[in-house]
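What follows is a short report on a single structure.
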Ligand SMILES: *Cc1c(COP(=O)(O)O)cnc(C)c1O
């Protein structure tokens, strides 16, 4: 199986473009512009150059001998934590900013939960000399003061989303509303493989570099072979789809790890949220439920449509882990390898611990989506 281009915006029964009529032309314009740019070698060269000299790609592949010994399997980390701004998010944001400029847009609007996507977008806006507005739930603004200040330092205007639960899903609603009103000069820089077509596909293409690099790095290390298991944490699912896309056509098992309090696939109810048809957490009336997780970056009640498709067809599976396990995984990687992971990425380490019997003797490739500097203060509270 390979991951193909969704010409009609669909991954099996999932995906689509469920947006207000006023946004249909904007999505269509974006689809056409992305297709054209992605087929243009000059666009690819400029993005590759940025990824090499600004982001710091290729990110290394690190073999974890101590952790491997402790768990009884071979662990390889794809080091997205070493990218500029500290996670995989910059891959997507630089691609979208470059595309926006090519489309003649002068302003970016984005949503953010924990603030990581907001910071990445603000970074790209500063680099390209674009205006930038980031919506963030009022509750998250209070919880993530440091990232709010980072965005402001980068020249971005942070706006508070005051509706609903005042968290990420409300920030997405507000950002979409802003886009409708300002679509002429504004690009909506969406932060994961979700939302209406073309976002789930376009964002995957911008993160495909993770999987392509890792495939080549694994081939070098494993004598042309592939790992037995490829795994990543899943919020909306962008870092996971990035690494999966390098291995979908191999024998490697693909495993996404979700927070138990936000397990959109685990609860497996299909519905429509934020412009696409996918699995999401909802009540009996179809109202979207709040996700709850120790890591604000995974606090999203839905999952990208391509993941729903991969789950339904059995090509990938999705496993939940609890917050307590995540706290243990966070400390385990720090202690054994000298790498403090983002709490999101620590979900995968927690799954390795839980699945130890199943993984014995296997080679496991982990996408380490981000670094933990941002989470150290929170963990100090949790552990004291
Ligand atoms: C935002 C974020 C995630 C979750 O987003 P995905 O789209 O699921 O990848 C995971 N890890 C880190 C470090 C993040 O910042």
On each of the three principal axes of the Cα atoms of segment 237-384, give max minus min coordinate, whole Å, ordered largest first. 43, 38, 24
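Take the alpha carbon gyration tensor of segment 83-133, find the square roots of its eigenvalues, order them as a ≥ b ≥ c, and report rounded if a/c is under 1.5; if not, report prolate when a/b exceeds b/c, else oblate.
Values: a/c = 2.03, a/b = 1.49, b/c = 1.36.
Cα axes put segment 83-133 in the prolate bin.
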If you take every DSSP beta bridge whose two residues both sit in the chain, what share of them, in percent to the nearest 5, is antiparallel? 30
Between the Cα axis of helix 323-337 and the main Cα principal axis of the chain, the angle (0 to 90°, nearest 10) is 60
Which of 209, 24, 158 moves the most in a Gaussian network model of the chain with Cα springs under 10 Å? 24
Using the Cα gyration tensor of segment 41-118, the equivalent ellipsoid's semi-axes, largest first and to the nearest Å, work out to 32, 16, 8
So how do 18, 300, 318 line up by other beta-carbon neighbours within 10 Å, fewest first? 18, 318, 300
Would you compute, from DSSP H runs of 4+ residues alone, the mean residue ellipticity of the chain at 222 nm, taking -39500 (n - 2.57) per run and dividing by the full residue count, rounded to the nearest 500? -13500 deg cm²/dmol
Kirkwood Rh, angstrom, segment 135-185 [1 / mean 1/r, Cα pairs]: 11.3
If we restrict to alpha carbons, what Rg and Dmax does segment 105-157 come to, in Å? 10.0, 32
Would you work out the relative contact order for the chain, in percent, from Cα pairs under 8 angstrom that are 6 or more residues apart? 20
For helix 89-102, report the angle its Cα long axis makes with the longest principal axis of the Cα atoms of the chain; keep it between 0 and 90° and round to the nearest 10°. 30
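Among 117, 274, which comes first, then next, by fewest other beta-carbon atoms within 10 Å?
Working: 117 31, 274 24.
In order of increasing Cβ crowding within 10 Å: 274, 117.
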Taking the 0 to 90 degree range and rounding to the nearest ten, how far is the long axis of helix 199-221 tilted relative to the main principal axis of the chain, both from C-alpha atoms? 30
In cubic angstrom, how much convex hull volume per residue do the alpha carbon atoms of the chain span? 128
How many percent of DSSP beta bridges within segment 1-155 run antiparallel, rounded to 5? 50
Enter the Cα centre distance for the pair segment 237-300 and segment 1-80, rounded to the nearest angstrom. 16
Of the residues 114, 39, 181, which exhibits the maximal mean-square fluctuation in a Gaussian network model of the chain defined by a 10 Å Cα contact cut-off? 39
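Read the figures in this text as sums done on the coordinates, not as results from a lab. Treat the numbers as computed from the prediction; the structure is a model and nothing was measured. We place every Cβ from the backbone using ideal geometry, glycine too, and count neighbours over all the protein chains shown.
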